[in-house]
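The values are calculated or read from the model by the stated rules, or taken from the named source; none is laboratory data. Remember, predicted model here, so these are calculated numbers, not experimental data. Please note: Cβ atoms are built from the backbone with ideal geometry, for glycine as well, and neighbour counts cover all protein chains shown.
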Amino acid sequence: MNQLVDEAIRVLRANDRGRFTVPSEGLYPHQWLWDSAWIALGWRHLHEARAWQELESLFDAQWPDGMLPHILFREDSTSYFPGPAVWGTPTHPSRPPSSGITQPPVLATVLRRLYEESLDKARARTMAVRLLPRVLAFHRWLYRVRDPQGTGLVAIVHPWESGMDNSPAWDEALLRVPLPEDPDSRQVLDSLQEARRDLRHVDGSQRPTDQEYQRYIALVLHFRTFRYDGARVGREAPFQVVDAGFNALLHRANRDLLALLRAVTGGSRPVGDEGDEAQRSTGDHAEDSAANLHGAIREVEGWLARAEAAWPRLWNDELGLYTSLDRITGRPIPVPTAGGLLPLFAGLPDGERARRLVATIQAWGRHCRFLVPTTAPEHPSFDPLRYWRGPVWVVTNRLLWEAVRDYGHEEPARRIAHDTFALVQKEGFREYYHPETGVGLGGRGFSWSAALVLDWAVQTSR
Ligand code: DGY
């Protein structure tokens, strides 16, 4: 175990860029939203201030409307595609260039862990008070532009927003995305094969296909035409999916946000009363005014109540898990993926439904050696090599381990932990792993795998 912890620390240090951490040298040379959030959980065991910095640095690129972009372009690197020139997002002298879409909203969950478990309580309070209004602005943006009808569940407009980029759950909706015909867009799409940088770092059999990349970039080009107007993107995006995984993480984040607001305000005093200085420093976030924060507790309670009423629509009794919903066709997407298990992490299912979900995980475990594959192994779309179509990821395992354990299912939780530690011990901190052979796949020296295992090892050794 000591060797594993030392190796995790070595990976974090190697990928440290001062105020932020790259997910993996070469393959991902910038800062990614949900990567950095989980990475902060690793840093705190080395240097608490550095963990807070990792989290705070994500807000350097927060848009005036509250959006948090999924990539902050930190370096003048040519080893990643699509770079800032393809995204063409609005620039601002005080913000790093960024992508124009978001990623799973896990910040409040990480913020709560840091707040509750940090040794320096005074710093934790200062940081929570400073960051809470910005997290609130992000969640408000999500509900405003991605759930304009007030259904209680938000839509993603790009597979990359799910964080589970090439999940087979997106296949059908992605294929419907029209390829833009204007000359600028055509030029970008025609040169895609040479432009892709990921294939210089990772074998093509482990990455999304060219056909998928064409649609990923087509979506970016559509959003560029919409000038990244959030409301317009939310209304007119040709890909709109109510992702079970994204919404589960949002629900969990709202529960954590509520706990933090109550803790910081003493249950009644509005956080804005203390956060004035921090709010002034975020300047253009009109929503961060103290007046708006007065209602934050009730507002978050409202999001939680609406989502709880909406969630039963996503349950698929035949598959024994939750599935996503295509918002454009109104049809469920009956593809069993790990995202459909994540409502466990949000505490959404009752005891009986949780038992069904755990039984689903156990059934998957009878078909492959290492839990938890990211797609059901018996499903026709399962691919044990390709990115999110089957391989095991440390991040999903870490969340499902905690969730399964918290629902009282000790034995399956132990197996998830055992399989994860066996994989990292055997192959090191890779981006993902083959669920049958255990071979490490994708990027090497992967920051969130290292950070989450470090945090997990410390947590279970207490
Ligand atoms: C990639 O380029 O594969 C990223 O995951 C997109 O965010």
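Hey, can you tell me all the residues within segment 78-123 that are in a helix (DSSP H, G or I), among the basic types (K, R) and surrounded by fewer than 20 Cβ atoms within 10 Å (Cβ to Cβ)?
R113, K121, R123
Yes/no matrix, rows are residues, columns are (1) in contact with a helix residue (DSSP H, G or I) (Cβ under 8 Å, 6 or more places away or on another chain); (2) in contact (Cβ under 8 Å) with a residue 24 or more places away in the chain; (3) surrounded by fewer than 21 Cβ atoms within 10 Å (Cβ to Cβ):
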{"position": "W364", "(1), (2), (3)": "no, no, no"}
{"position": "C368", "(1), (2), (3)": "no, yes, no"}
{"position": "P380", "(1), (2), (3)": "no, no, yes"}
{"position": "R398", "(1), (2), (3)": "yes, yes, no"}
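So for segment 195-215 (the condition being surrounded by fewer than 24 Cβ atoms within 10 Å (Cβ to Cβ), β-branched (V, I, T) and modelled with pLDDT under 95), does at least one residue qualify?
Yes; the residues of segment 195-215 include at least one that is surrounded by fewer than 24 Cβ atoms within 10 Å (Cβ to Cβ), β-branched (V, I, T) and modelled with pLDDT under 95.
Quick check on this structure: which one of R227, R269, R235, R255 is away from the ligand (no atom under 16 Å from the Cβ), among the basic types (K, R), modelled with pLDDT of 95 or more and not in a helix (DSSP H, G or I)?
R227
Quick check on segment 205-261: of everything there that is within 19 Å of the chain's Cα centre (by Cα) and polar (S, T, N, Q), which residue is farthest from T102 (Cα to Cα)?
So the residue we want is N254.
Cβ contacts < 7 Å: first residue more than 22 Å from V392 (Cβ to Cβ), restricted to segment 152-174; second residue within 16 Å of the ligand (Cβ to nearest atom) and among the basic types (K, R), any location; separation 6+ or different chain. Result?
From segment 152-174, the pairs are L174/R215.
Of everything in segment 193-212, what is within 14 Å of the ligand (Cβ to nearest atom) and in a helix (DSSP H, G or I)? Give them in sequence order.
A195, D198, L199, R200, H201, G204, Q206, D210, E212
Can you tell me which residue in segment 151-161 is surrounded by the fewest Cβ atoms within 10 Å (Cβ to Cβ), limited to those that are near the ligand (Cβ under 10 Å from one of its atoms) and closer than 17 Å to A338 by Cβ?
W160
Please go through segment 21-62 and pick out each residue that is over 18 Å from K121 (Cβ atoms) and free of Cβ contacts under 8 Å to residues at least 40 places away in the same chain.
Once the filter is applied, which keeps residues that are over 18 Å from K121 (Cβ atoms) and free of Cβ contacts under 8 Å to residues at least 40 places away in the same chain, segment 21-62 yields S36, L46, E54, S57, D60, A61.
Got a sec? Which helices (runs of 4 or more DSSP H) wholly within segment 384-462 have at least 2 residues that are in contact with a strand residue (DSSP E or B) (Cβ under 6 Å, 6 or more places away or on another chain) and not β-branched (V, I, T)?
Of the helices (runs of 4 or more DSSP H) lying wholly inside segment 384-462, those with at least 2 residues that are in contact with a strand residue (DSSP E or B) (Cβ under 6 Å, 6 or more places away or on another chain) and not β-branched (V, I, T) span 410-427.
Given the condition assigned to a loop (DSSP other than H, G, I, E, B), under 27 Å from V242 (Cβ atoms), touching a Leu at 6+ places or on another chain (Cβ under 7 Å) and within 16 Å of the ligand (Cβ to nearest atom), answer yes or no: does some residue in segment 132-147 qualify?
no
Condition test on Q187, is it part of a helix (DSSP H, G or I), touching a residue at least 24 places away in the same chain (Cβ under 8 Å) and farther than 30 Å from L357 by Cα?
no
Quick check, is G18 over 22 Å from G428 (Cβ atoms), free of Cβ contacts under 8 Å to residues at least 12 places away in the same chain and either among the charged types (D, E, K, R) or away from the ligand (no atom under 13 Å from the Cβ) (or both)?
Answer is yes for this residue.
Looking at L371 and the list (1) touching an Asp or Glu at 6+ places or on another chain (Cβ under 6 Å); (2) closer than 27 Å to Q240 by Cα, which single condition is not satisfied?
(2)
For A359, work out the one condition from (1) within 30 Å of D203 (Cβ to Cβ); (2) over 24 Å from the mean Cα position of the chain (by Cα); (3) among the aliphatic types (A, V, I, L, M) it doesn't fulfil.
(1)
Looking only at residues in segment 319-352 that are surrounded by 20 or more Cβ atoms within 10 Å (Cβ to Cβ) and over 18 Å from P168 (Cα atoms), which one is farthest from the chain's Cα centre (by Cα)?
Only one residue fits best here, namely P349.
Checking Y143 against (1) farther than 21 Å from A37 by Cβ; (2) of a type outside the set (K, R); (3) within 17 Å of the chain's Cα centre (by Cα): exactly one of these is not met. Which one?
Condition not satisfied by Y143: (1).
Could you check how many residues of segment 68-105 are more than 15 Å from the ligand (Cβ to nearest atom) and aliphatic (A, V, I, L, M)?
1
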